[in-house]
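The values are calculated or read from the model by the stated rules, or taken from the named source; none is laboratory data. Predicted, not measured: the structure shown is a model, and the values here were computed from it. Neighbour counts are summed over all protein chains in view; Cβ atoms, including those assigned to glycine, are modelled from backbone coordinates with ideal geometry. Heads up: the accessible areas ignore ligands, DNA and RNA and are worked out on the full protein's heavy atoms, side chains in. Shrake-Rupley method; radii C 1.70, N 1.55, O 1.52, S 1.80 Å.
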Amino acid sequence: MTPLNATHDPARTSWVASANDGVTDFPIQNLPFAVFRRTGSAEVFRGGVAIGDQIVDLAAATAAGVFTGLAQEAAVAASASTLNAFMAMGNAAWSALRAALSDALSTGSAHERALRACLVPQASAEYAVPARIGDYTDFYTSIYHATNIGKQFRPDNPLLPNYKWVPIGYHGRASSLVVSGTALRRPVGQSMPPGATQPSFGPCKRLDYELEMGIYVGPGNALGNRVAMADAESHVFGLCLLNDWSARDIQGWEYQPLGPFLSKNFGSTLSTWIVTMEALAPYRTAWTRPADDPQPLPYLDAPDLRSNGAIDIQLAVTLSSAKMRADNVAPHTLCRTSYRHAYWTIAQLVTHHTVNGCNLQPGDLLGTGTLSGPTATEAGALVELTSGGKQPVTLPSGETRSFLEDGDSVALNAHCVAPGRARIGFGTCEGTVLAAVV
Ligand code: MN
């Protein structure tokens, strides 16, 4: 785990006034990365760092003489149109750039004048997927989600026997990962309605979202070389929000025996910003495994796992229908939970993924799987909140939802708080459902 340092000091303020208002997701203690350009421009996409309501344009900053040494090398890599080369550089480079940015953005910095010329308002930027994501693996790390889903199929035996021993995952589709703000076409496909004798083809009728976190891989591992628990987090650059949309009716018909396919590969939405593991250090918390559950096998265990293996990230899902937006009704919160409830940690996912020699590469994405908490209101998908569609939720507009309708906009948000620490956030991960093309 990254030690705390001056960049986490809650007393540190920025000469960018909007970073100091106590409610922004992006105070000087956060400094997350994205890839952006000015909206509607022909500029090249390049790396940027959020501060308050502004973006530090790293390409401009590298030419402004603000950074030196390793921080300058890191900033050059991070100003490319994807962050892969920067992600590959590892902890020392990430940390050097973070320290230099924190100093240069601090109140009273001698670099204020030079760096002020490198700011772009977030309101006038558009964003790209921040890395060339070669592979996307989706896990299933919430035991509450796995149990809620299992109950709908096997009320007496909801959790399969492997769940508490092995981090369950499958290889997903990288090409259809999109950045927040990208509208999503309702998928079409085959489904087998209850009582039918043959499948029908048409628009998905049970479209759902999944509240997940995405984990960006930093330095990779060579094919054949496993990553031990003690080294696992040095292979992780940072976290984002991930909406792993699901077509439940298509999935129900296609998923046996090889798992989900077209029900998952039509699109998954990534948040604009990546919050680094270093920024998340103050919000680490104990990871626990109930005493009467199997304890992790030795290769998935580590001395500091139980003291700080988890991260307390407060998560929320909101929905706004087309009618709500037309009537200026605020988005409706469907669920709140925390990432700390995950059964398997980030280090365990990296270690398990590579234990047979599978090579991870810089910019690869691991999904946590739907993050549901221990209570009914902490469910991270509609299929859980509505008990498989049987108990619709009511929106402030009076509309009801068993599953998503065309025009619905789903937004994931997240933030971290801890006593005596700054509040940092992840921005938003939003997508709106468009009508199917049949
Ligand atoms: Mn998923």
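Can you tally the net charge around Asn359? Count Lys and Arg as +1, Asp and Glu as -1, for every other residue whose Cβ sits under 12 Å from the Cβ of Asn359. Write out the running numbers ahead of the final one.
Numbers: positive: Arg226; negative: Asp135, Asp364.
Net charge around Asn359: -1.
Heavy atoms of the protein only, probe of 1.4 Å, neighbouring chains included. What is the accessible area of Ile143 in Å², nearest 10?
Ile143 exposes around 20 Å² with every protein chain in place.
Do you know the relative contact order of the chain, to the nearest whole percent, from alpha carbon pairs under 8 angstrom that are 6+ apart?
Reported relative contact order: 21 percent.
Which whole-number percent gives the relative contact order of the stretch 349-438, counting Cα pairs below 8 Å spaced six or more residues apart?
Numbers: 84 pairs, mean separation 14.1, N = 90.
Value for the stretch 349-438: 16 percent.
Using C-alpha positions alone, give me the convex hull volume of the stretch 237-381 per residue in cubic angstrom.
179
Assign unit charges at the C-beta atoms only (+1 for Lys and Arg, -1 for Asp and Glu), then state the dipole size of the chain relative to its Cα centre in Debye, rounded to the nearest 20.
Here the size comes out at about 280 debye.
Counting each DSSP H run of 4 or more residues in the chain as -39500 (n - 2.57), what helix-only mean residue ellipticity at 222 nm follows after dividing by all residues, to the nearest 500 deg cm²/dmol?
Computed mean residue ellipticity for the chain: -5000 deg cm²/dmol.
Could you report the accessible area of Phe266 in Å², rounded to 10, computed with a 1.4 Å probe on the protein chains as they sit in the structure?
In the full protein context, Phe266 sits at about 50 Å².
Taking the alpha-carbon centroid of each part, what is the distance from the stretch 1-74 to the stretch 365-406 in angstrom?
34
May I ask for the angle, rounded to the nearest 10°, between helix 143-153 and the longest principal axis of the chain, with both axes built from Cα atoms and the value confined to 0 to 90°?
Helix 143-153 sits roughly 20 degrees off the main axis of the chain.
From the phi angles alone, apply the Karplus equation (6.51, -1.76, 1.60; θ = phi - 60°) to the stretch 192-205 and give each ³J(HN,Hα) in whole Hz, x where the residue is Gly or Pro.
In residue order, the calculated couplings are 10, x, x, x, 6, 9, 8, x, 10, 10, x, x, 4, 9 Hz.
In nm², what is the average projected area of the convex hull enclosing the Cα atoms of the chain? Numbers along the way, then the final one.
On the way: hull surface 87.5 nm².
Approximately 21.9 nm², given one-decimal rounding.
Along the charge dipole of the chain, which of Thr375, Ala100, Thr354 sits closest to the positive end, that is, farthest toward it, with unit charges on the beta carbon of Lys, Arg, Asp and Glu (+1, +1, -1, -1)?
Thr375
Please give the direction-averaged projected area of the C-alpha convex hull for the stretch 314-421, in square nanometres with one decimal.
Details: hull surface 40.3 nm².
Value for the stretch 314-421: 10.1 nm².
Counting Lys and Arg as +1 and Asp and Glu as -1, what is the net charge of the other residues whose Cβ lies under 11 Å from the Cβ of Ala230?
Summing Lys/Arg as +1 and Asp/Glu as -1 gives -4.
Once you list every other residue whose beta carbon is under 14 Å from the beta carbon of Thr432, what net charge do they have if Lys and Arg are +1 and Asp and Glu are -1?
0
With a 1.4 Å probe and all protein chains left in place, how much accessible area per residue does the chain have, in Å²?
Numbers: 17720 Å² over 438 residues.
In whole numbers, the chain has 40 Å² accessible per residue.
Mind checking which of Gly388, Gly150, Thr62 is farthest towards the positive end of the chain's charge dipole, using Cβ charges of +1 (Lys, Arg) and -1 (Asp, Glu) about the Cα centre?
About the Cα centre, the residue reaching furthest to the positive side is Gly388.
Using the crude model of +1 on Lys and Arg Cβ and -1 on Asp and Glu Cβ, and no other charge, please compute the dipole size for the stretch 152-253 relative to its Cα centre, in debye to 20.
That gives a dipole near 340 debye.
Mind checking which lysines have their Cα closer than 26 Å to the Cα of Lys205? Skip sequence neighbours fewer than 8 apart in that chain.
Within the straight-line cut-off, Lys205 pairs with Lys151, Lys264, Lys323, Lys390.
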